[in-house]
Amino acid sequence: MAIAYIGLGSNLGRKKANIRRAIKLLGEKKDVKILKVSSLYETEPVGYVKQDWFVNAVLKAETNLTPRQLLAVLKEIEKQLKRKKAFLKWGPRTIDLDILFYNNLKLKTKDLVIPHPEMHKRAFVLIPLMELEPNFIHPTKRKSILELLANLKRTKKVKKLS
């Protein structure tokens, strides 16, 4: 069994409900057991800023799926929740599900990079991740989540909702 951390985000429609529904759908998969879920956070958009703020969270799950199989499950859930193909990088979406970590795996393919390549720069990922695993060591940065967050120059707002 592997431990995977999944980032969740939504800024269209019923954002909190979208996050909760994605968690429920993932938890219904026979090869995935959700162990912990962070609080929900309201976060300022990154990149394309002329859009609604996001609701973000991170979950920790145990799975016997391979990273590629897990990615396929996440894409299927995004499709179920009516995620449309993005017309803008970092644009609005009903749901966004990203594999942040998969054990201590380092993987780089055309369509999947683990650890997630931008996560160490994103307070909206690091803050909920710190809530779950502050001492987890990033496999390529060789720093704990707590250290990555302490070193982050925060320019975007992140507010705990629940």
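Laboratory data are not the source of any read-out in this text; all were calculated from the coordinates shown. Small disclaimer: the values here were computed from a predicted structure and weren't measured. When we count neighbours, we look across all protein chains shown, and the Cβ atoms used for this are built from the backbone with ideal geometry, even at glycine.
Can you pull out every residue in the stretch 131-162 that is assigned to a strand (DSSP E or B) and within 18 Å of PRO117 (Cα to Cα)?
At the first step, the residues of the stretch 131-162 found to be assigned to a strand (DSSP E or B) are 137, 144, 158-160.
ILE137, SER144 - these are the residues of the stretch 131-162 that are assigned to a strand (DSSP E or B) and within 18 Å of PRO117 (Cα to Cα).
Does LYS30 satisfy the condition of being part of a loop (DSSP other than H, G, I, E, B) and within 18 Å of LEU70 (Cα to Cα)?
Working: part of a loop (DSSP other than H, G, I, E, B): yes; within 18 Å of LEU70 (Cα to Cα): yes.
Taking the combined requirement at face value, the residue satisfies it.
Does the stretch 27-36 contain at least one residue that is among the small types (Gly, Ala, Ser), over 13 Å from the mean Cα position of the chain (by Cα) and surrounded by 14 or more Cβ atoms within 10 Å (Cβ to Cβ)? So that I can check it myself, show each step before the final result.
First, the residues of the stretch 27-36 that are among the small types (Gly, Ala, Ser): 27.
Subsequent filtering for residues that are over 13 Å from the mean Cα position of the chain (by Cα) retains 27.
Then keep just the ones that are surrounded by 14 or more Cβ atoms within 10 Å (Cβ to Cβ); that gives none.
No, there is no match, as no residue in the stretch 27-36 is among the small types (Gly, Ala, Ser), over 13 Å from the mean Cα position of the chain (by Cα) and surrounded by 14 or more Cβ atoms within 10 Å (Cβ to Cβ).
Report, by residue number, each residue of the stretch 90-133 that is acidic (Asp, Glu) and without any contact (Cβ under 8 Å) to a residue 24 or more places away in the chain. Let's see the steps before the verdict.
Looking only at the stretch 90-133, we keep the residues that are acidic (Asp, Glu), and these are 96, 98, 111, 118, 131, 133.
Result: GLU118, single match.
Working only within the stretch 38-77, note down all residues that are of a type in the set (Ser, Thr, Tyr), closer than 14 Å to LYS16 by Cβ and buried (at least 18 other Cβ atoms within 10 Å of the Cβ).
Answer for the stretch 38-77, where residues must be of a type in the set (Ser, Thr, Tyr), closer than 14 Å to LYS16 by Cβ and buried (at least 18 other Cβ atoms within 10 Å of the Cβ): SER38, TYR41, THR43.
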